[in-house]
Ligand SMILES: [Zn+2]
């Protein structure tokens with residue numbers, strides 16, 4: 001029998017626990033272990049960070065400007081908790097209404113909210129006040 005895929009937020013929580021453990025493992029050996037072991041521990045942290053981003057951005061379209069896969073983050077501190085999706089390659093640009101658009105969306109309460117806003121394209125992206 002095929003195993004049911006866990007709900008997204010449970011998979012995310014699992015990945016975050018793994019990431020915390022992987023970071024601790026890395027910090028425990030970073031100054032003492034042979035370079036090859038330190039690199040393996042560091043690679044594991046990077047893999048888990050990428051897996052977390054992939055989990056958050058499930059269903060997100062590639063960036064409409066550069067066609068790269070967008071990056072997903074969970075903000076857990078400060079005023080703006082929630083999920084954020086953005087392009088790491090594109091810079092802010094001036095939109096038709098002269099506002100400056102950041103190629104990212106912020107503060108989706110759930111990953112799917114941020115994905116939905118991201119998929120709307122620049123019209124829905126985070127904007128700054130009009131310039132000049
Ligand atoms: Zn881009």
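Being assigned to a loop (DSSP other than H, G, I, E, B), more than 29 Å from residue 103 (Cα to Cα) and modelled with pLDDT of 95 or more, is that true of even one residue in the range 33-52? It would help to see each step written out before you state the result.
Initial filter on the range 33-52 (assigned to a loop (DSSP other than H, G, I, E, B)): 33-34.
Subsequent filtering for residues that are more than 29 Å from residue 103 (Cα to Cα) retains 33-34.
Within this subset, residues satisfying the condition of being modelled with pLDDT of 95 or more are 33-34.
So far as the range 33-52 goes, yes, one or more of its residues are assigned to a loop (DSSP other than H, G, I, E, B), more than 29 Å from residue 103 (Cα to Cα) and modelled with pLDDT of 95 or more.
Of all residues in the range 53-62 being assigned to a helix (DSSP H, G or I) and more than 16 Å from the ligand (Cβ to nearest atom), which is surrounded by the fewest Cβ atoms within 10 Å (Cβ to Cβ)?
So the residue we want is 54.
Given the structure, is residue 44 surrounded by 13 or more Cβ atoms within 10 Å (Cβ to Cβ), away from the ligand (no atom under 16 Å from the Cβ) and in contact (Cβ under 8 Å) with a residue 12 or more places away in the chain?
yes
Given the conditions (1) more than 16 Å from the ligand (Cβ to nearest atom); (2) modelled with pLDDT under 95; (3) outside the structural domain of residue 111 (by TED's automatic domain parsing), which single one is not true for residue 65?
Checking residue 65 against (1) more than 16 Å from the ligand (Cβ to nearest atom); (2) modelled with pLDDT under 95; (3) outside the structural domain of residue 111 (by TED's automatic domain parsing), the one that fails is (1).
Residues of the range 100-121 being outside any loop (DSSP other than H, G, I, E, B) and surrounded by fewer than 17 Cβ atoms within 10 Å (Cβ to Cβ), which ones? Can you show your working first?
Of the range 100-121, the ones outside any loop (DSSP other than H, G, I, E, B) are 100-101, 104-108, 111-119.
Residues satisfying the conditions are 100, 107, 112, 113, 116, 119.
Among the candidates 118, 95, single out the residue that is touching a residue at least 40 places away in the same chain (Cβ under 8 Å), within 16 Å of the ligand (Cβ to nearest atom) and not assigned by TED's automatic domain parsing to the domain that holds residue 13.
On the way: 95 fails: touching a residue at least 40 places away in the same chain (Cβ under 8 Å).
Of 118, 95, the one residue that is touching a residue at least 40 places away in the same chain (Cβ under 8 Å), within 16 Å of the ligand (Cβ to nearest atom) and not assigned by TED's automatic domain parsing to the domain that holds residue 13 is 118.
Do any residues in the range 15-40 that are free of Cβ contacts under 8 Å to residues at least 24 places away in the same chain have Cβ atoms under 8 Å from those of residues that are part of a loop (DSSP other than H, G, I, E, B) and loosely packed, with under 13 Cβ neighbours inside 10 Å, where the two are at least six apart or on different chains, and which pairs are they?
Within 8 Å, the pairs are 38/30.
The values are calculated or read from the model by the stated rules, or taken from the named source; none is laboratory data. Treat the numbers as computed from the prediction; the structure is a model and nothing was measured. Positions of Cβ are backbone-derived with ideal geometry, glycine not excepted, and every protein chain shown enters the neighbour counts.
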